[in-house]
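None of the figures in this text is laboratory data; all of them are computed from the coordinates on show. The shown structure was predicted, so the numbers you read here are calculated from the model rather than taken from an experiment. With ideal geometry, Cβ positions are generated from the backbone for all residues, glycine too; neighbour counts draw on all protein chains shown.
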Amino acid sequence: MKTKKLYESDGMLARFPARVLSCRPYENGYAAVLDRTAFFPEGGGQTADTGTIGSARVLDVQIRDGEILHFTDAPVSGEVTCALDFDVRFRKMQNHLGEHLLCGAFHRLYGLDNIGFHLGADYMTFDIDGILTPEQIAKAEKEANRAVFEDVPVRCWYPEKDELSELDYRAKLEKLEAAEGIRIVEAAGFDRCACCAPHLDRTGRIGCIKITDAAKYKGGMRLHALCGSDALADYGKKQAMLETLSHLFSAEEDRIVQAAEARLAELSAARQTAGAYRRALVGARLAALSDTEGSICLFEPLLDTNGLRELAAGGAHKTAGIFAAFSGTEEAGYDFVLASERIPLGRVKEAAAAALGAKCGGSDNMLFGHADADKAAIRRFFEGPEIFNL
Ligand SMILES: [Zn+2]
């Protein structure tokens, strides 16, 4: 006996009585077949329903060899009361029907087709076979929401062959279960499309439809959208984010963008000033140095890696050994840049790793790295005569 698919005729059914036809051990749990079910098995881009059969948890539902298998954590038998995790199912239906209305609008307004659909645990994406401007997308979003506000009935049915041949419908993508015919889902006056999933009984239950992202994808576009309770949750998240930014920038919410732009301009000016000071500091340090037959080892806590590089590059010709420039602290260790015109620095790399725990990379003329060693050990290593014998 085949399981009657209650989810096809009534998407709003949350609890139902059923009889267990069979139940057998399966992997870590059990696989049960019922005489009737409102649990939607995974399909058409939508994940399976979860819930309970009696006191057993339904963890997954799949169609295998034409049978609807309910995977449970405990054995079930006889007459049972079943209940869906309806909050989760309702959320999926809000998103799924919202996707129908959006794709219906893209089709009606721009002649585009839906060529991909995925409904995840906390997101939904769908693909369309054309590229649109943000204004065109906004127009389709508005049109889909008009269908929500008009709160029209949703009808799901299997038309007879003759009726089907006369029907104009969308989403041949979901031309599934051909053996039982094509199931049509219609939002009166707005969209008609082939689909196997359970649906809300009215469009008003969607609440609202919001496209959150649209990007070019495989010659068309991939859109992210949130509907109903997901859209509300997302609004809450974004509002909290705005409040945080508002505090951080000490700006009213509608002035945050200007406040952020002003801070970025300040940051850019401060960077230019810092660059000028850095060049002045490097110039002064280099001017104070005399040529030497030994190596030069300088600690400049105010310089970043760029400054150390400028210092080492500018001072390398003053030494017959190595010009070593450091910045850091005893606690955090020291970043450094080494430069030399006489000693190939590749040779220094291993010795510095062994003596100072230094990790570095670069060329024979210039090395960049970090050493977790104290200042005295660093000076001993670079200023001693051994550096010339590596
Ligand atoms: Zn669908």
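Tabulated values for the structure
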item	result
Mean projected area in nm² (Cα convex hull; one quarter of hull surface) for segment 89-236	8.6 nm²
Phi-based couplings in Hz for segment 41-48 (Karplus 6.51, -1.76, 1.60; Gly and Pro marked x)	x, 3, x, x, x, 10, 6, 6
Subset of Lys210/Lys237; Lys139/Lys216; Lys218/Lys238 violating a 22 Å alpha-carbon distance limit	Lys218/Lys238
Amide H within-cut-off set for Val58, under 5 Å, with H built and near neighbours excluded	Gly51, Thr52, Ile53
Extension gain (nm, one decimal) between Ser77 and Leu59, 0.36 nm per residue minus Cα-Cα	4.8 nm
Reachable lysines from Lys4, criterion Cα separation under 23 angstrom, eight or more residues apart if same chain	Lys92, Lys161, Lys175
Phi-based couplings in Hz for segment 270-276 (Karplus 6.51, -1.76, 1.60; Gly and Pro marked x)	5, 5, 5, 4, 4, x, 5
The chain: Rg to Rh, with Rh as the Kirkwood radius over Cα pairs	1.26
Debye-sum result for segment 283-389 in log10 I(q)/I(0), which assumes one identical scatterer on each alpha carbon, at q = 0.14, 0.21 Å⁻¹	-0.45, -1.10
Gain upon complete extension [Ala377, Ala215; 0.36 nm per residue less C-alpha separation]	52.8 nm
Counting all C-alpha pairs of segment 214-363, share separated by more than 29 Å (%)	50 percent
Under-5 Å amide H pairs with Val154, H placed in peptide plane, nonlocal only	Arg202, Thr203
Relative contact order of segment 283-389, pairs being alpha-carbon contacts under 8 Å that are 6 or more residues apart, as %	24 percent
Segment 375-390 - phi-based ³J(HN,Hα) in whole Hz, Karplus 6.51/-1.76/1.60, Gly and Pro as x	4, 4, 5, 5, 4, 4, 5, 8, 8, x, x, 4, 4, 7, 9, 6
Relative contact order, percent, the chain [alpha-carbon distance under 8 Å, six or more residues apart]	11 percent
Principal axis dimensions, largest first and in whole angstrom, of segment 152-290 by Cα	97, 37, 19
Nitroxide proxy distance, nm - points 7 Å out along Cα→Cβ at Lys4 and Glu160	2.3 nm
Nonlocal amide H pairs with Gly116, under 5 Å, H built at 1.01 Å	Asp127
Cross-link reach list, aspartates and glutamates versus Lys375, counting only Cα pairs under 16 Å and skipping chain neighbours closer than eight places	Glu300, Glu330, Glu331, Asp335, Glu383
Translational diffusion of segment 4-84, µm² s⁻¹ [Kirkwood Rh, Cα pairs; Stokes-Einstein; 4 °C; 1.567 mPa s]	105 µm²/s
Cα→Cβ-extended label distance, 7 Å offset, between Ser363 and Glu266, nm	4.1 nm
Highest-fluctuation residue, Val348, Val58, Val257 considered, GNM on the chain with Cα pairs under 10 Å	Val348
